1. Provide the percentage of antiparallel DSSP beta bridges, counting only those with both residues in the chain; round to the nearest 5.
2. Only Cα pairs under 8 Å and at least 6 apart count here; give the relative contact order of the range 2-178 as a rounded whole percent.
3. If you add up the charges near residue 208, with Lys and Arg at +1 and Asp and Glu at -1, over every other residue whose beta carbon is less than 11 angstrom from its beta carbon, what do you get?
4. Find the percent of Cα-Cα distances in the chain that exceed 25 Å, and round it to a whole number.
5. Any chance you could check the Cα centroid distance between the range 14-71 and the range 171-217 for me, in angstrom?
6. Quick one: which of 77/117; 21/307; 252/307 span more than 26 angstrom between C-alpha atoms?
7. Name the residue, out of 209, 52, 190, whose mean-square fluctuation peaks in a Gaussian network model built on the chain with Cα pairs under 10 Å.
8. Name the most mobile residue of 124, 56, 257, meaning the one with the largest mean-square fluctuation, in a Gaussian network model of the chain with Cα contacts below 10 Å.
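Nothing in this text is a laboratory measurement; each read-out follows from the coordinates by a stated rule. Here the structure is a predicted model, which is why all the values come from computation and not from measurement. Using ideal geometry, Cβ is built from the backbone for each residue, glycine included, and neighbour counts are taken over all protein chains shown.
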Amino acid sequence: MKVAVMAAGGLGGYFGALLAKDGHAVTFIARGAHLQAIRENGLTIKSLHGDFAIKPAQATDKPAEVGSVDLILFGVKTYDTTTAAQAMRPMVGANTVVLTFQNGVDAADQIGASVGKEHVLVAPTQIVSNITAPGVIEQRSPFRSTTIGEIGGQGLTARVEQIVAAFQHVGIQAAGAPDGRKPLWHKFVFIASTAGLATLARTAPYDLFQLPAARATLRAAMEEVYAVGLAHGVEMDADIVERQYQFTLNLKPDAKPSMQLDLEQGKRLEIDALSGAIVRLGAAKGVPTPVHQTIYVALKMEDERVKRKT
C-alpha cells in the first residue's frame, strides 16, 4: 500500500514505521526539528517489541507533494483536526481510506466534512507511544491494540478487513468491528474519565485512584459517558464501565494519559474533545454530567491560557 502518516507523532509514527518496515511505501508528514531529524537520520523506534529504524525515511511538511495514497493514518491532536484534514486533501483520491486514531467521538464527522465521510474509518487504540526526541519514537506499553470499523454499522467491509490484515501482519493487535461507534465509545468511557481526572489532579492514575473518593468519582465519570452514549443510540456492552474501571485501576505506576503529559509540558489540552464533548452531548439529550462539567470547566481554562500564548 501507499501510505501517508498525518502526522508522525507517537502513535501514527509508530504504526507507520511498522508498515514501512514491512515494505509499504510510507511518507511521514512532520514539521520542525522532527521533520529535519527524520530527513537526515531516518525515524528511530524504541519499543518493548523490538527496536528498529526506518532509514532512509520519506518525510515532508507538504502533503500536496505526496499525491494520492491508499491509506492515511490520521493522528493529529483533536484541536488540529479541521486544519489537518483540509491540508491532506491532495492525498485523498477516489479510494483513499482515512483511518483516525484520535481521542473523542467527533473526529470522523470533522474529517468527513473536509474530505468526505465515505473516506473515514475509526480506529480507537490502546498504546503508550510518544516522541521522546526529534526523529525518535518510544513505544512503552506491552499492548498495542486497535479496533477498526466503519461509522454507521455497514458491517465488516473489505477495506476494514484489508487494513486489519496489514496491521496484524506487523504485530499490531488489530480487530475489525461491524460498527466502529461501539469500540469508539468503549474507549471514550475510559479516556475521557481517566485522562480528565488524572490531569485535573496533576497525579498519575495509579496514585490518584489509591484514594477511595477518587475511585468513586472515576466510576461516576464513566457512568456519565455510558449514559450519554446510550442516549445517542450507541450500542455498548453492559459491563463496559466495570471493565474500563478495572483497566484504569490496573495501570502501571508510571503510566500517564497523553492529556496529563500535555499539561505537564505546557501544551494545549484535548479537553473539548473529551469532557467537553460529554457535557455538550449530554445536554443535547438531557443527560446530567456533573463530573465531566467540573473537569471541563477547570481544564478548559488551562487550555485557553496555553492557546493565548501560541
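1. Details: 10 of 39 bridges.
The antiparallel proportion sits near 25 percent.
2. On the way: 392 pairs, mean separation 38.2, N = 177.
Relative contact order, the range 2-178: 22 percent.
3. On the way: positive: 202, 215, 256; negative: 207.
Surrounding charge for residue 208 is +2.
4. On the way: 22897 of 47895 pairs.
Percent of Cα pairs beyond 25 Å in the chain: 48.
5. Rounded to whole Å, the Cα centres lie 29 Å apart.
6. Working: 77/117 19 Å; 21/307 37 Å; 252/307 31 Å.
Listed pairs above 26 Å: 21/307; 252/307.
7. Per the Cα network of the chain with a 10 Å cutoff, 52 tops the list.
8. 56
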